Amino acid sequence: MNTEHRWTRITHASNIPPREGRAVKAGNVELAIFNLNGRFHTIENSCPHRGGPLCDGIVTGTSVVCPLHGRHFDLLSGMPVRAAESACLAVFPTMVEDGVVLVDLSAARRAA
Amino acid sequence: MNRIVVVGNGMAGVACIENILKRSGDFDITVFGDETHPNYNRIMLSLVLAGEKQASDIVLNDVDWYRDNRIHARLGVAIDSIDRETRTVIDAQGRVTPYDRLILATGSSAFIPPIPGVDKDNVHVFRTLDDTRALMAKARKGLKAAVIGGGLLGLEAARGLQVRGCDVTVIHLAPTLMERQLDATGGEYLKRRIESLGIRVMLPRQTAALCGNGHVQGLRFADGEELDAELVVIAAGIRPNADLARRAGLRVNRGVIVNDYLETSDPRIFAVGECTEHNGQTFGLVAPLFEQARVLAAAITGEAARAFSAPNPAARLKIMGVDIFSAGSIDEAEPGVEVVRYEDASLGAYKKLFLKDNRLSGMILVGDVADEDTYMEWMRTGADLSSLRRQILFPPPATDTGLEIADMPDSETICGCNGVRKGDIIKAVHAHNITTLAQLKERTRASTSCGSCSGLCQKLLRAVAPDFSEETKTTLCSCVPFSYERLREIVRGQKLKSVEEVLTVYGNRKGCEVCKPALSYMLDMLWCGDHDEDRSARFINDRVHANIQKDGTFSVVPRMRGGVTSPDELRRIADVADKYNVPLVKVTGSQRIDLLGIKKADLPDVWRDLGMPSGQAYAKGVRMVKTCVGSEFCRFGVQDSTNTGIELERRLENLFTPHKFKMGVVGCPRNCAEATVKDLGLVGQDGSWQVVVGGAAGKSVRKADLLVTVESTEEALEAGELFFQYYRENGNYLERSYDFVERVGIEKIRKETVYAPEEEKRNLLDRLRRSQALAHDAWLERDRPVNPTQFVHIEPLEKVGEPQLV
């Protein structure tokens, strides 16, 4: 990972309830930020299958289940949990500082 | 020469009698027990304390058993002395009973450490049914309880008291819990798990005194620290009851000394169970006692006697949700012992296997006991594990389970607790046509004590019984592997009030999209709102009270009771459609109007502008009542279906159900509103109503079953309510009423709803009313969102650029 991050201040951490996600628009891309009991993770908000809003999915452990057709993605890596499923999602470095969620929009990574 | 007297009516004594009876009917047997209860399963006392079993559930031999086997049972009679000269025992009333062979099965007592103050009131031990009852009588919410002893029994007592609402602290002398069965790491994992249940653990602590004036008020430790306690349970180990033997002049050390055939120093007197000492070893677990009982019975009936050797120790902590299993030798320092271990702190899982010459000699399993059967099998057979070394921590499941069974000789013991061998089970299966595990338990006793062989018994049944039927109780999912019924009991009994709590205590802590909504429903149904509602555990539809569509927008269906609306409502709906550019306005099959393509952020405003309640068209809950015109206008109508439908909808609206719940009310048998294919339908006839349930016209088509025919409208509504609440309480999540009716059977449903005793009916209705009083229109959250971002898209705090992929 880069040593120098370009953090963008997104929102107060308290705006994202534990084990839920919220969408945020960044340019033409919609991101979904999740609160895993105090640890925050950011992924693209669009399921590669049919574009479902992943921010509305149920969180299970460290993954999220798409509300439309149940595709299942790991929030840390962006990879599908079931190997046979579709493509990977981009993940964005995310941290919390002084109660504010920071996302590095310049350093999205997509596995494979 | 055939009079046998048994002193002690506990598990060891009665096991001897049972084993003797199996071999010979020639004996005249008398048994003395100082407890007044028939023989019960002492191992299960902690389950009685925890409220998981009733005292009557743990009786092993009821009064009929003694009578049927012509055993003279003298219960509540203690034996004072033995006269070895005259071969008689003398009881507390001075009565003399002669014997030819005497079996001492006097058991053990709780060891009470010599601490000042142990004689104070509210200081208890936990050994007998009476002890258990005394604890149950005293335990109450908020009572400060201290348990001295962090072994198996102490921990089980602590959990039992905690489940009953006490504020419990466990005090243990050693630096880790259950140090006889676990190593330090395993003990630490156990401690964390126990603490996560809300029990305080203090170790190492030496109790110096119990304080208080008459009643115990607290403990003082050796270092001067103090702890408040209104109830103290001492579970610091057991002492063999060897006094009677000692007074009779038998050889006694810590316990009554026995040889390999369970003979004491007097060849006419035998001893068995926790009162004995064999090769310097005393006993506290059940498996060796049963083995002793078998050896003793063989010796006493003159069968070619085999020598007793203590089986491998195996211990399991019986606290639901805390998986601890330990077996074999767990001494790492033993020469030639290799250790293989695995741990995952976040899962709370720890496994440690002890190998000697590539054979499994012991194991510690904490938090993950899934492979226990395989390991026990390896240990029992002494399997050479050289080729399996890479898979030893996560052994692959057997591909042919029948093979494992076929490989096993008939003499192989299946149930170590009750000494049931493979051959016994096969004989019983054929002789009694056994097809279920429950029948097998009843016939053979297999799997009735610790239950660890139930998996093996199932496999055996599957392989042997021609008509084996698995007792399929659908488990919720692998995250919380309990049946719905059991889970409802757990949630109710243990007063669990949040999904996270259930998942933490009884599940894998993570949960999934299947169990989280199911548990959410269960909590809502059981606690009627008196619980922590966790929106993160619910499907998006139930977080924002609208139905998500393929493009991520939502559909909005306001409630239109009975399909009856007004010009005013229609105008508002039209205005909303204009104002929010609603792409599609559609009349649904449920006599309502659907506004499709609404953005999440607009939902609160749309609801406000509509000024109508939620139609719950998104929820696993009460949808609507479809009605026909009825007697008010229709020339054929014989009942007022519209107003009855509106009233039915009012009584049930806003409630959740296991799956969606649709209703219909029609004013005559022409059935224009299709009431006979609804979850609940009222079909009007001249002077009466038919109440029908379990109909469907979706994925399945099913004509509803007649629940009951009644005369008045009020009776019809009440019958509908009874069925509704019964389904709410007994339906599995995502089970539609038509599957529910087929699973349970309409006769049973009738018996437990409309034909139930008045009191039960009233209770069902009371619970429904209570839920209804706490339910509310979900769309009121437009003004009181559960969190500030429930409906909004987050606006970044600063300007953001186009994201870049690296």
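Points to keep in mind about this one:
- Using C-alpha pairs under 8 Å with a sequence gap of at least 6, the mean separation divided by the residue count of chain B gives a relative contact order of 7 percent.
- Mean separation of Cα contacts under 8 Å, 6 or more apart, over the residue count of chain A: relative contact order %: 26 percent
- Each peptide in B:328-336, B:97-105, B:124-132 gets a packing score, the mean of other Cβ atoms within 10 Å over its residues, and the list from highest to lowest is B:97-105, B:124-132, B:328-336.
- Partner chain coverage, peptide A:33-46 - average Cβ within 10 angstrom: 1
- Under-5 Å amide H pairs with B:Ile593, H placed in peptide plane, nonlocal only: B:Thr588
- Among the residues of B:541-552, the average count of other protein chain beta-carbon atoms within 10 Å of the residue beta-carbon is 3.
- Sum of side-chain charges, B:Lys703 neighbourhood, beta-carbon under 13 Å (Lys, Arg +1; Asp, Glu -1): -2
- Dipole orientation for the range B:447-551: of the candidates B:Cys453, B:Ser536, B:Gly493, B:Cys453 has the Cα lying most toward the positive pole (charges on Cβ; Lys, Arg +1; Asp, Glu -1).
- Using a Förster distance of 30 Å, the FRET efficiency for B:Ala406-B:Ser483 (Cβ separation, nearest 0.05): 0.50
- Calculated FRET efficiency for the pair B:Lys22/B:Arg268, C-beta based, R₀ 30 Å, to 0.05: 0.85
- The range B:472-514: C-alpha gyration tensor shape, a/c 1.5 cut-off, then a/b vs b/c: oblate
- Convex hull of alpha carbon positions in chain B: directionally averaged projected area 45.6 nm².
- Considering only beta bridges that DSSP places wholly inside the protein assembly as shown, some 70 percent are antiparallel.
- Net lengthening on full extension, B:Leu173/B:His430 (0.36 nm per residue, minus Cα-Cα): 87.3 nm
- Amide H to amide H, with H built 1.01 Å from N, B:Thr448 comes under 5 Å of no residue 5 or more places away or on another chain.
- Antiparallel bridge percentage (DSSP; both residues within the range B:1-81; nearest 5): 10 percent
- Gyration tensor verdict on the range B:590-657 (Cα atoms; rounded if a/c is under 1.5, prolate if a/b is larger than b/c, oblate otherwise): prolate
- Summary of packing: across the peptides B:640-653, B:695-708, the per-residue average of other C-beta atoms within 10 Å ranks them, highest first, as B:640-653, B:695-708.
- Which of B:Ala314, B:Tyr342, B:Ala383, positive extreme of dipole for the range B:288-427 (C-beta unit charges): B:Ala314
- Normalised contact order of the range B:494-590, rounded percent, pairs of Cα under 8 Å and 6 or more residues apart: 17 percent
- ³J(HN,Hα) computed for each position of the range B:186-198 - Karplus, 6.51 cos²θ - 1.76 cosθ + 1.60, integer Hz, glycine/proline x: x, x, 5, 4, 4, 4, 4, 5, 4, 5, 5, 7, x
- Between A:Asp56, A:Asp74, A:Asp98, the Gaussian network model of chain A with springs among Cα atoms under 10 angstrom shows the greatest mean-square fluctuation at A:Asp98.
- Anisotropy class of the range B:512-646 from Cα gyration tensor, a/c 1.5 cut: oblate
- Highest average packing first - B:534-547, A:8-21, Cβ atoms within 10 Å: B:534-547, A:8-21
- For the range B:260-273, backbone phi angles converted through the Karplus equation (6.51, -1.76, 1.60; θ = phi - 60°) give residue-by-residue couplings of 5, 10, 6, 7, 8, 5, 9, x, 8, 10, 10, 9, 8, x Hz, Gly and Pro being listed as x.
- Note on the range B:515-657: dipole from Cβ charges, positive end direction compared against B:Pro583, B:Val606, B:Met624; the farthest Cα belongs to B:Pro583.
- Each of B:His793 and B:Lys751 was given a label point 7 Å from its Cα along the Cα-to-Cβ line. The distance between the two points is 5.8 nm.
- Inter-chain shielding of A:21-27 (mean C-beta neighbours from other protein chains, 10 Å cut-off): 5
- Computed extension length for B:Ala304-B:Ser566: 85.0 nm, one decimal, from 0.36 nm per residue of separation with the Cα-Cα distance subtracted.
- Separation of alpha-carbon centers, the range B:746-786 and the range B:520-591, rounded to whole Å: 21 Å
- Summary of the geometry: the range B:322-361 and the range B:84-145, compared by the centres of their Cα atoms, lie 36 Å apart.
- Between the range B:698-714 and the range B:209-266, the C-alpha centres lie 65 angstrom from each other.
- Couplings 3J(HN,Hα) of the range B:422-429, computed from phi: 3, x, 4, 5, 4, 4, 5, 4 Hz, in residue order, whole Hz [Karplus 6.51 cos²θ - 1.76 cosθ + 1.60, θ = phi - 60°; x for Gly and Pro].
- What you get for the range B:510-576, charging only the Cβ of Lys and Arg (+1) and of Asp and Glu (-1), is a dipole of about 200 debye around the Cα centre.
Read the figures in this text as sums done on the coordinates, not as results from a lab. As the structure is a prediction and not an experimental result, all values here were calculated from the model. Neighbour counts run over all protein chains shown; Cβ positions are idealised from the backbone, glycine included.
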